[in-house]
Amino acid sequence: MTLQETLQGAQLLGLERLDAQMLMLHTQQHRVHDRAWLALHANDLMDHTALQSFNQLVQRRVAGEPLAYIIGHKEFYGLTLRVDARVLVPRPDTETLVDWALQVLNTHTHAHVLDLGTGSGAIALAIKSVRPDWRLHAIDYSNDALTLAQANASAHQLTIEFSQGSWLENCTECFDAIVSNPPYIAEHDPHLAALQHEPIQALTSGCDGLDDIRYIIQQAPAHLKNGGWLQLEHGYNQAPAVRQLLQQAGFEQVQSRCDLAGIERCSGGCWLQAPQHSN
Ligand code: GLN
């Protein structure tokens, strides 16, 4: 069978054309975006071993495993990040949060920024790659996630201070911005069926999906400098609730930002008081 015929076979099994092409390039040990190579080699014959490994990858994808886990990496904000089942796959929607953090602190040099629940390290690394003059700190509860995030930081030679903790519990510092993509899906949300390969603790948060967001909003003021920002990603229908929580906690300039699909995807506010010590 030729590469072209093998690809057609994978599509008949229900695979998207682009996914099939990326899996083929991965099997052939080529860069997964090098579709020009595929076009040139469409009529090459697949040898038996290559065909077998391609079919195994196709089965995993058909069973719903994210493409990023299968090929082991994902592009985020122009960076290639290693990902696997220890962390959530970084979504393009989250780039909105990165853009917004870069924008609110645009005039700062030496801003001190925290990525809370960093996972693969995506947000912290994206910010640091654009602003090497800023000091980036990243926290995660999962040591497995931190190991991967550290590997990503080393691979890109970006300096991030990592620490383990449940949200801000072990943190004693104050920041110019706290940025987070926390779990925000309701525990019984039907969308979870499509996300079963990703770590559940990075996805769900109580019966309305807002438990962690409530907790972060309550803890953040003790860790924000005067004029510091808290910016949170949330679900497609949670913006009004998150804005209300921010306002109730005393944040100012409370506002939301839309993702690429035009859906309000992040909300945040500015803390215009001295750090509020909660204990
Ligand atoms: N945006 C992801 C999804 O709905 C969920 C990310 C999260 O819970 N932080 O697929």
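The values are calculated or read from the model by the stated rules, or taken from the named source; none is laboratory data. Keep in mind it's a predicted model, so treat the numbers as computed, not measured. Using ideal geometry, Cβ is built from the backbone for each residue, glycine included, and neighbour counts are taken over all protein chains shown. Note: accessible area is taken over every heavy atom of the protein model, side chains too, but ligands, DNA and RNA are not part of it. Shrake-Rupley method; radii C 1.70, N 1.55, O 1.52, S 1.80 Å.
Miscellaneous remarks
- Surface share of carbon and sulfur [accessible, 1.4 angstrom probe, percent] for the chain: 49 percent
- Average Cα contact separation per residue, the chain, under 8 Å, 6 or more apart, as relative contact order %: 14 percent
- Note on the chain: helix-only mean residue ellipticity at 222 nm, from DSSP H runs of 4+ residues weighted -39500 (n - 2.57) and normalised by residue number, equals -10000 deg cm²/dmol.
- Annotation: peptides 255-264, 220-229, ranked by per-residue average of other Cβ atoms within 10 Å with the highest first, follow the order 220-229, 255-264.
- Inter-centroid distance (Cα atoms) of the range 214-270 relative to the range 59-94, Å: 26 Å
- For the peptides 130-138, 118-126, the ranking by mean Cβ contacts within 10 Å, running from highest to lowest, is 118-126, 130-138.
- Range of Cα positions in the chain per principal axis (Å), largest first: 68, 40, 33
- Among 90-100, 68-78, 157-167, 189-199, sorting by the average number of other beta carbon atoms lying within 10 angstrom of each residue, highest first, gives 90-100, 68-78, 157-167, 189-199.
- Choice from V104, V242, V179 showing the highest fluctuation, given a GNM over the chain with Cα pairs closer than 10 Å: V104
- The residues of the range 1-123 present an accessible area of 50 Å² per residue when probed at 1.4 Å with all protein chains retained.
- Most mobile listed residue (N143, N152, N106) in the chain, GNM with C-alpha springs under 10 Å: N106
- Extension gain, Q218 to D84, is 45.1 nm, computed as 0.36 nm per intervening residue step minus the present C-alpha separation.
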